[in-house]
Amino acid sequence: MAWIPGGTFLMGSDDHYPEEAPAHRVKVNGFWMDCHTVTNREFERFVAETGYVTLAERPADPADYPGAIPELLVPSSSMFKKPAQKVDIRNSYNWWVYVGGANWRHPRGPASSIRKLGDHPVVHIAFEDAEAYAKWAGKELPTEAEWEFAARGGLDGAEFVWGNELTPGGTHLANTWQGEFPYENSNEDGYEWTAPVGSFPANGFGLFDMAGNVWQWTKDWYQEHSRIDSPCCTIDNPRGGQREASFDPHTPEITIPRKVTKGGSYLCAPNYCRRYRPAARMSQPVDTSTCHLGLRCIVRSLVRE
């Protein structure tokens, strides 16, 4: 783990997606953070010691999803499926599908495995899975403010975790999507899917993959920054809003609370999802796991031991 000294910083952004605004001053205390996201090897050890079964490995309760077709209630997870040609990027169902048998052991579908992927980030992790792992490890999930402060690595107000240019000198510094999302990826950064943790340079605090590779859970309930009471004043150690149910417009009868995820992933592209920036954020239903969602943990401490 790396020591994150704490301090005051400008959280959010007024220049990109509306859910990031307004930018506002926040103070966080010092804490320790995992240098990299939790890997398949680490999660495998957790499962071996506890017998834990992830949400994607369990059948869904029909009572929780009224009207759902039976095929969607089998153990499954969300998978990216690259279209063969250009599609309407306003409809994410053009590339997201539920795949039975997809889970952390089978990250790219039921025929895949984590053999030779021990140092890749674990994926298909729902919120309760992330919480269970953190508790077992004697750690916690970070708040959104803690995560963003750590991601910035001391570069307050910078566009990216390494500065203000996406590819300085033409060098890719994170595992993201190059080309026209979702059907064309040139893989200029060397990776089509996840990359081994630590494949790209660390930020100023010694943390790897705080941009791209996989999204990371925080413990905060999602709410719009625009609902902040006093954006002009420094907020001390914010603890993430109120629990609220939200709904998918395709299934409005199902309401699922959402948490904040941070960091972007290997599916973030300039033409679709510029969320490989520390200010970026995404609301994620707590019952949903995907092929590009993992976690990292923290230990809170007021002093560096």
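Side notes on the structure shown:
- When we screen GLU57, GLU71 for residues that are modelled with pLDDT under 95 and within 22 Å of ARG108 (Cβ to Cβ), the only hit is GLU71.
- From the options HIS120, HIS106, residue that is buried (at least 18 other Cβ atoms within 10 Å of the Cβ) and free of Cβ contacts under 8 Å to residues at least 24 places away in the same chain: HIS106
- Test: ALA211 is open to solvent by less than 10 Å² (accessible area, probe 1.4 Å), more than 25 Å from GLU42 (Cβ to Cβ) and modelled with pLDDT of 95 or more: no
- Of all residues in the stretch 90-103 being among the aliphatic types (A, V, I, L, M) and surrounded by 17 or more Cβ atoms within 10 Å (Cβ to Cβ), the one that is farthest from TRP193 (Cα to Cα): VAL99
- Every residue from the stretch 67-122 that is in a helix (DSSP H, G or I) and over 19 Å from the mean Cα position of the chain (by Cα): PRO70, GLU71, LEU72, TYR93, ASN94
- Scanning the stretch 123-158 for residues being in contact with a strand residue (DSSP E or B) (Cβ under 7 Å, 6 or more places away or on another chain), part of a loop (DSSP other than H, G, I, E, B) and either modelled with pLDDT of 95 or more or open to solvent by 60 Å² or more (accessible area, probe 1.4 Å) (or both) gives a total of 9.
- Beta carbons closer than 7 Å, at least 6 apart along the sequence or on distinct chains, pair a first residue in the stretch 159-187 that is free of Cβ contacts under 8 Å to residues at least 24 places away in the same chain with a second that is assigned to a loop (DSSP other than H, G, I, E, B) for GLY163/LEU155; ASN164/ALA158; SER186/GLN178; SER186/GLY179; ASN187/GLN178.
- Boolean, ASN40 is under 21 Å from ILE298 (Cα atoms), more than 21 Å from the chain's Cα centre (by Cα) and among the polar types (S, T, N, Q): no
- Residue match in the stretch 9-19 (condition: open to solvent by less than 40 Å² (accessible area, probe 1.4 Å), out of contact with any Phe, Trp or Tyr (no Cβ under 8 Å at 6 or more places or on another chain) and acidic (Asp, Glu)): yes
- Selection over the stretch 160-177 of residues that are open to solvent by less than 20 Å² (accessible area, probe 1.4 Å) and more than 19 Å from the chain's Cα centre (by Cα) gives a count of 1.
- Among the residues of the stretch 45-99, the ones that are free of Cβ contacts under 8 Å to residues at least 12 places away in the same chain and under 15 Å from CYS291 (Cβ atoms) come to 1 in all.
The values are calculated or read from the model by the stated rules, or taken from the named source; none is laboratory data. The shown structure was predicted, so the numbers you read here are calculated from the model rather than taken from an experiment. Note: ideal-geometry Cβ built from the backbone for every residue, glycine included; neighbour counts use all protein chains shown. Quick note on the areas: whole protein, heavy atoms, side chains included, nothing else; ligands and nucleic acids left out. Shrake-Rupley method; radii C 1.70, N 1.55, O 1.52, S 1.80 Å.
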